[in-house]
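Please find one structure pasted underneath; my questions will follow.
The values are calculated or read from the model by the stated rules, or taken from the named source; none is laboratory data. Fair warning: this is a prediction, and the values are worked out from it, not measured in the lab. Cβ placement follows ideal geometry from the backbone for every residue including glycine, while neighbour counts extend to all protein chains displayed. Surface accessibility is based on the protein's heavy atoms, side chains included, excluding ligands, DNA and RNA. Shrake-Rupley method; radii C 1.70, N 1.55, O 1.52, S 1.80 Å.
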Amino acid sequence: MEKKIWLSAIGANKETVQAVMAKLQGYGLAVDGHFFTDDLEKMAWAAPRQQLLASDVALWLILGSAADLAQPTVRYGLSMLALTVQAERGPGFPPMIILQGEGEVVLPESLPSPLADARILSLANDAYAAKLVAAAHTATVQVSQPSYRLDVYGISQIGQWFEVGPRDDAWQGAIFGVSSGEISLHAVGPAGQLPERSVLNYPQQGLEVKLGDCCFTAWAVQNPLDLSSSYYLKVEGSPERIMFCPYSSEQETEAYIISLQ
């Protein structure tokens, strides 16, 4: 199977994109891609999901300047796209490489959680093409799965939804919170598909959760969850961070915080 690079161009002009694609094709790499649309209201980040899920996509190449990658809406859109692709293909798949144009070097630790493992290359360094070729033909090390499941949905007719649930031990319910934005609906149903109807056990809304310096407004249910079932939440806006954890009324539990901007 021929390996392919998927290119997401952010704010780059057509000539720059064509030059990058031509350079990579000159090394024998197949390249496909799109111009990233920064439109959270229309959830445009979800558009290339199916293409990135293709098994022949060996690398996800993100082309943009430091200024492009500093925009909260761009960071959020890329994070959401990364989450939904990795929910299907697994953590670290496909490997992400940022090909940075102008500006100070972007540090991986400054990126949102779903992008934190991205490798940074400079567009100004002609060696980037050879490095991408090597990366595309390097066997990817399987990253261990976290103990939770996390997926996102962006569907124009029904809105933006988050899905969380356990991967290993069952949960006796779940708590999910946002640092900004607003939760408007929640439901429980089979994993991997938004439920048409739902019965909630002891639902709660408007819980105030503080973890370190971060404050979250959370909703919760006490429906038992396992690998085959999930907690779904419709969220308005673009939260800077989300948190979720198993429901526990009596003992401490591990909470997970994911930065999206």
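May I ask you to give the percent of accessible area on the chain that is carbon plus sulfur, with a probe radius of 1.4 Å?
Roughly 49 percent of what the probe reaches on the chain is carbon or sulfur.
Further question: Over the chain, with the other protein chains present, what is the accessible area per residue in square angstrom, probe 1.4 angstrom?
With the other protein chains kept in place, the chain gives 49 Å² per residue.
I've got another one for you. Give the longest segment of the chain that steers clear of GluC sites (Glu not before Pro) in DSSP loops with at most 16 neighbouring Cβ atoms within 10 Å, not counting the sites themselves. Could you put the intermediate results ahead of the total?
Numbers: sites that count: 2, 41, 102, 104, 196, 250, 252, 254.
It runs 105-195.
From the square roots a ≥ b ≥ c of the eigenvalues of the alpha-carbon gyration tensor of the stretch 145-261, which class results: rounded (a/c under 1.5), prolate (a/b over b/c), or oblate?
Judged from the Cα gyration tensor, the stretch 145-261 comes out rounded (a/c under 1.5).
What helices in the chain pass both tests, a Cα length along the helix axis of 30 Å or more and a mean Kyte hydropathy of -0.5 or higher, using whole DSSP H runs?
Sorted by number, there is nothing, because no helix extends far enough and scores high enough.
Still on this model: Highest GNM mean-square fluctuation, the chain, Cα pairs closer than 10 Å: which of 151, 117, 126?
Its mean-square fluctuation being the largest, the pick is 126.
Given the options 47, 58, 127, which has the most mean-square fluctuation in a GNM of the chain, springs set between C-alpha atoms less than 10 angstrom apart?
Between 47, 58, 127, it is 127 that shows the largest mean-square fluctuation.
Then there's this: Given R₀ = 22 Å, FRET efficiency for residue 107-residue 55 by Cβ-Cβ distance, to 0.05?
0.10
Treating the beta-carbon of each Lys and Arg as +1 and of each Asp and Glu as -1, no other charges, what is the dipole magnitude of the stretch 1-120 about its Cα centre, to the nearest 20 debye?
Working: 9 positive and 13 negative charges, 56 e Å.
Once rounded to the nearest 20, the dipole reads 260 debye.
Classify the stretch 13-125 as rounded, prolate or oblate from the Cα gyration tensor: take a ≥ b ≥ c as the square roots of its eigenvalues, call it rounded if a/c is under 1.5, otherwise prolate when a/b beats b/c and oblate if not.
rounded
With a point put 7 Å past each Cα toward its Cβ, work out how far residue 126 is from residue 15 in nm, to one decimal.
1.9
Return the whole-Å distance between the Cα centroid of the stretch 53-79 and the Cα centroid of the stretch 206-258.
26
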